[in-house]
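The values are calculated or read from the model by the stated rules, or taken from the named source; none is laboratory data. The structure displayed is predicted, hence computed values, not measured ones. Glycine also receives a Cβ, built like all others from the backbone with ideal geometry; neighbour counts cover every protein chain displayed.
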Amino acid sequence: MEKKRNPWSWVPTLYFAEGIPYVVAATAFAVTMYHKLGISNAETAFFTSWIYFPWVIKPFWSPFVDVMKTKRWWILFTQLLIGIGLAAVAFVIPTSFFLQSSIAILWLVAFCSATHDISADGFYMLALDEGEQSLFVGIRSTFYRISMVVGQGFLIYLAGFLEEETQDIPFAWSITLLVTAALFFIFFLYHTVILPKPEGDKAVTTSNASNFFASFKSFFKKKEILLGIAFILLYRLGEAQLCKITVPFLQDPFDKGGLGLSTKDFGLIYGTIGVLALTIGGILGGIYISEKGLKKSIFPMMLWMNLPNLIYVLMACFQPTDMWLITAGVAIEQFGYGFGFTAFMLYLIYVSQGEFKTSHYAICTGLMALGMMLPGMGAGWIQKIFGYQNFFIWACICTLPSFFLLHYLKIEDKFGKKE
């Protein structure tokens, strides 16, 4: 019988590895890279939003991952493929067909990343007992957040540093992607040796897939579920568009309506300080909601999430040059987003209550990803028509439908409140 591995040897690295490809393929890293490579805001927003699709279909793919191979096998296989995929993107960047080819490869990286999410979360529950799961839940989320800082902060800063040193933007991003790919090859080799082999980690019977589809049908039989689905899809309608356009806005030159940040400055302000503010907002949001409960806290938390979007309206109007002022604006907006997003995640748990809560929660997270994907796809074209200032006003207006739907939602009085 294999000696039990200390969870400290693999939980931090596993969840660090879980976060990096999501950040690189679908969020600020990819948006910044395409922007610096001269792709228009419309194309960048459309294609990087489309990369969310694997997370949309993740609930439907999950049962088949359970049926085919062990979760340990899937973790190692996807980490290897992610490393190969990121290296492939690095090699196609200098080519004339880089946009089409890199998007296709990043889509496959995203699919591997979503599969890695499924496998890692399942493996976590199999390899740890209940006490260890509770003990390490904070550790896993912490290292996932650290990966966001590395992906949106350090890696973008590295690309900016290489841009300045080499004066060759494609080369700078190729090297940055090769560094990230090398990191994943190291993860693959390390986890091949270190990941435990729990007895319960086996391919399951196909009955699990049939159980999922039974739970899928039951999800749509929940009381007032269509209202709940609409709320999930619209909760981040403004934010889904905002996050695709803030990246080019902060970096575009003044004559194009932007704030003229260098890639290095953007990585430091948005990718590092912004992510830290997001994390602090999430922690304080959890404390606030545990004191008040979901029903009483969701409206003020939605205000906290959406009102700071007005900061971008002001920055687009006045185009400040003071770095501290820009940093404060980004930090406040990200703090508000983290604070309000906590209520959203708890609402997903609320909707998922019942016999099939695990499967129903997976469906909710798929809908959550869809709510980011669809609005983000059109954000660049809207910005192209409106300009930055009017686009940010539009993004603020787009927050109103969720407040309208909130008026009709029925939430139990004590749900989420600490006893």
Report task. Scan region 232-253 for residues that are under 14 Å from Gly378 (Cβ atoms) and either free of Cβ contacts under 8 Å to residues at least 60 places away in the same chain or in contact with a Gly (Cβ under 8 Å, 6 or more places away or on another chain) (or both) and jot them down. Result -> Leu237, Ala240, Gln241, Cys243, Lys244, Ile245
Query raised in the report: Taking the condition closer than 25 Å to Val31 by Cβ and not charged (D, E, K, R), does Gly160 pass?
Result: yes
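Taking the condition without any contact (Cβ under 8 Å) to a residue 12 or more places away in the chain and over 19 Å from Ala369 (Cα atoms), does Gly85 pass?
no
Run down Ile169, Ile156 and say which single residue is under 23 Å from the mean Cα position of the chain (by Cα), modelled with pLDDT of 95 or more and within 19 Å of Tyr34 (Cβ to Cβ).
The conditions single out Ile156.
Quick one: which residue in Phe339, Phe344 is more than 18 Å from Glu224 (Cβ to Cβ) and either not aliphatic (A, V, I, L, M) or not in a helix (DSSP H, G or I) (or both)? Give the steps one after another, and end with the answer.
Working: Phe344 fails: more than 18 Å from Glu224 (Cβ to Cβ).
Among Phe339, Phe344, only Phe339 is more than 18 Å from Glu224 (Cβ to Cβ) and either not aliphatic (A, V, I, L, M) or not in a helix (DSSP H, G or I) (or both).
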Query raised in the report: Say we look at region 202-232 and pick out the residues that are over 27 Å from the mean Cα position of the chain (by Cα) and among the hydroxyl-bearing types (Ser, Thr, Tyr); which of these is modelled with the highest pLDDT?
Result: Ser218
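Here is a yes/no grid of residues against (1) more than 19 Å from Leu177 (Cα to Cα); (2) in contact with a Cys (Cβ under 8 Å, 6 or more places away or on another chain):
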residue	(1), (2)
Ala26	no, no
Phe29	no, no
Ser40	yes, no
Phe46	yes, no
Arg72	yes, no
Leu81	no, yes
Val89	no, no
Ile105	no, no
Asp121	yes, no
Query - Looking only at region 182-201, and only at residues there that are surrounded by 13 or more Cβ atoms within 10 Å (Cβ to Cβ) and not in a helix (DSSP H, G or I), the one that is modelled with the lowest pLDDT - result: Asp201
Query raised in the report: What pairs can you find where one residue is in region 368-388 and without any contact (Cβ under 8 Å) to a residue 60 or more places away in the chain, the other is part of a helix (DSSP H, G or I) and among the aromatic types (Phe, Trp, Tyr), and their Cβ atoms are less than 7 Å apart, with a gap of 6+ or different chains?
Result: Phe386/Trp394
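Can you name every residue in region 364-404 that is out of contact with any Cys (no Cβ under 7 Å at 6 or more places or on another chain) and more than 22 Å from Gly340 (Cβ to Cβ)?
Met377, Gly378, Gly380, Trp381, Ile382, Gln383, Lys384, Ile385, Phe386, Gly387, Tyr388, Asn390
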**Report entry** Unique residue being over 29 Å from Trp381 (Cα atoms) and either modelled with pLDDT of 95 or more or of a type in the set (D, E, K, R) (or both) when the list is Leu86, Leu106, Leu37, Leu81
**Finding:** Leu81
Query raised in the report: Taking helices (runs of 4 or more DSSP H) that fall entirely within region 1-119, which contain at least 1 residues that are more than 20 Å from the chain's Cα centre (by Cα) and not acidic (Asp, Glu)?
Result: 28-36, 41-50, 58-67, 71-92
Query raised in the report: Give me the pairs: first residue in region 129-140 and under 13 Å from Leu14 (Cα atoms) and at pLDDT 75 or above, second residue in a helix (DSSP H, G or I) and hydrophobic (A, V, I, L, M, F, W, C), beta-carbon distance under 6 Å, and six or more apart or on different chains, which are they?
Result: Phe136/Val11; Ile139/Val11; Arg140/Val11
Report task. Considering every residue within region 38-55, establish whether at least one is of a type in the set (D, E, K, R) and in contact with a helix residue (DSSP H, G or I) (Cβ under 6 Å, 6 or more places away or on another chain). Result -> no
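Results for (1) of a type in the set (A, V, I, L, M); (2) modelled with pLDDT of 90 or more; (3) crowded, with 17+ Cβ neighbours inside 10 Å, shown as yes or no for each residue.
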residue	(1), (2), (3)
Ile280	yes, yes, no
Met301	yes, yes, yes
Trp304	no, yes, yes
Ala328	yes, yes, no
Gln334	no, yes, yes
Phe344	no, yes, yes
**Report entry** Where a residue in region 93-114 is crowded, with 18+ Cβ neighbours inside 10 Å and its partner, wherever it lies, is of a type in the set (S, T, N, Q), with Cβ under 8 Å and at least six apart
**Finding:** Ile93/Ser102; Ile93/Ser174; Cys112/Thr78; Ser113/Thr78
